[in-house]
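K.L.:
Please read through the structure below; I'll follow up with questions.
The values are calculated or read from the model by the stated rules, or taken from the named source; none is laboratory data. Here the structure is a predicted model, which is why all the values come from computation and not from measurement. A quick note on method: Cβ atoms are made from the backbone with ideal geometry, for glycine too, and the neighbour counts reach across all protein chains shown.
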Amino acid sequence: MIRRVPLIVWFIIPTIILVAGGVWFFSRNASVLGEATDKGKPVAVANPLEGVEEFAIVSQEHIATGKAGSGYNSNPPTSGPHWQGPAKNGIYDSALADEQLIHNLEHGYVWISYRVENSDLTATATQSAGLKAEEIDKLKEIVKDDDWKIVLAPRAANDSKIALVAWGRLLKLDEINEQKVKEFIRTYRNRGPEQTPE
């Protein structure tokens with residue numbers, strides 16, 4: 001005589017298999033979801049870009065708007081104390097506070113900062129002159145073509161002409177390399193610890 005398996009068993013067993021498979025998949029692929037497995041390091045990428053420096057994550061601490069952050073381990077900073085409100089993506093002709101832009105990095109933005117040729121800073125042995133107007137226009141064209149989660153703004157404190165910044169990562173350039181800029185954006189955008197849709 002053939003014994004019948006209750007209908008509920010046909011639902012329970014596949015459900016258990018699906019749930020177990022999902023738990024296994026998401027625990028093995030946490031970095032794909034933008035979650036750092038080690039909060040002290042930036043999220044790993046399959047093909048890191050040559051020349052990009054990685055820095056330990058200083059903190060994700062929020063500080064009062066207007067208050068200066070401290071303890072940064074790179075110039076420009078790639079993580080650390082920052083204000084509550086991030087900047088809107090896009091192109092800025094005047095400098096924004098590092099503390100505001102670090103919040104953007106936390107959300108997975110790429111921050112492109114540049115030093116202007118006629119800035120008040122005087123070039124030193126460790127610091128090159130800034131960008132000319134036509135070079136800044138080239139950076140603006142790159143950002144206009146693809147501005148999702150990108151902020152472009154001048155920054156007098158840069159120690160290179162151009163700094164490409166993502167959460168825990170920094171690439172310094174002394175001339176515009178359009179391919180390198182686009183590769184940096186493709187590789188490191190949306191790799192911050194907080195995933196946001198903007």
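K.L.:
Going by the conditions given, is Leu139 within 18 Å of the chain's Cα centre (by Cα), more than 20 Å from Lys39 (Cα to Cα) and in a helix (DSSP H, G or I)? Let's see the steps before the verdict.
P.N.:
Working: within 18 Å of the chain's Cα centre (by Cα): yes; more than 20 Å from Lys39 (Cα to Cα): yes; in a helix (DSSP H, G or I): yes.
Spelling it out, Leu139 is indeed within 18 Å of the chain's Cα centre (by Cα), more than 20 Å from Lys39 (Cα to Cα) and in a helix (DSSP H, G or I).
K.L.:
Does Glu194 meet the test of being assigned to a helix (DSSP H, G or I) and under 15 Å from the mean Cα position of the chain (by Cα)?
P.N.:
No: the conditions fail for Glu194.
K.L.:
Select, from Glu106, Glu54, Glu35, the only residue that is under 14 Å from the mean Cα position of the chain (by Cα), surrounded by fewer than 17 Cβ atoms within 10 Å (Cβ to Cβ), closer than 17 Å to Arg191 by Cα and at pLDDT 95 or above.
P.N.:
Numbers: Glu106 fails: surrounded by fewer than 17 Cβ atoms within 10 Å (Cβ to Cβ); Glu35 fails: at pLDDT 95 or above.
From the options Glu106, Glu54, Glu35, the qualifying one is Glu54.
K.L.:
If only one of Ile63, Ile112 is modelled with pLDDT of 95 or more, over 26 Å from Thr187 (Cα atoms) and surrounded by 15 or more Cβ atoms within 10 Å (Cβ to Cβ), which one is it? Quick ask: steps written out before the conclusion?
P.N.:
Values: Ile112 fails: over 26 Å from Thr187 (Cα atoms).
Residue meeting the stated conditions: Ile63.
K.L.:
Quick one: would you say Tyr92 is touching a Lys or Arg at 6+ places or on another chain (Cβ under 7 Å), surrounded by 13 or more Cβ atoms within 10 Å (Cβ to Cβ) and modelled with pLDDT of 95 or more?
P.N.:
No: the conditions fail for Tyr92.
K.L.:
Got a number for residues in the stretch 12-32 being among the hydrophobic types (A, V, I, L, M, F, W, C) and at pLDDT 80 or above?
P.N.:
7
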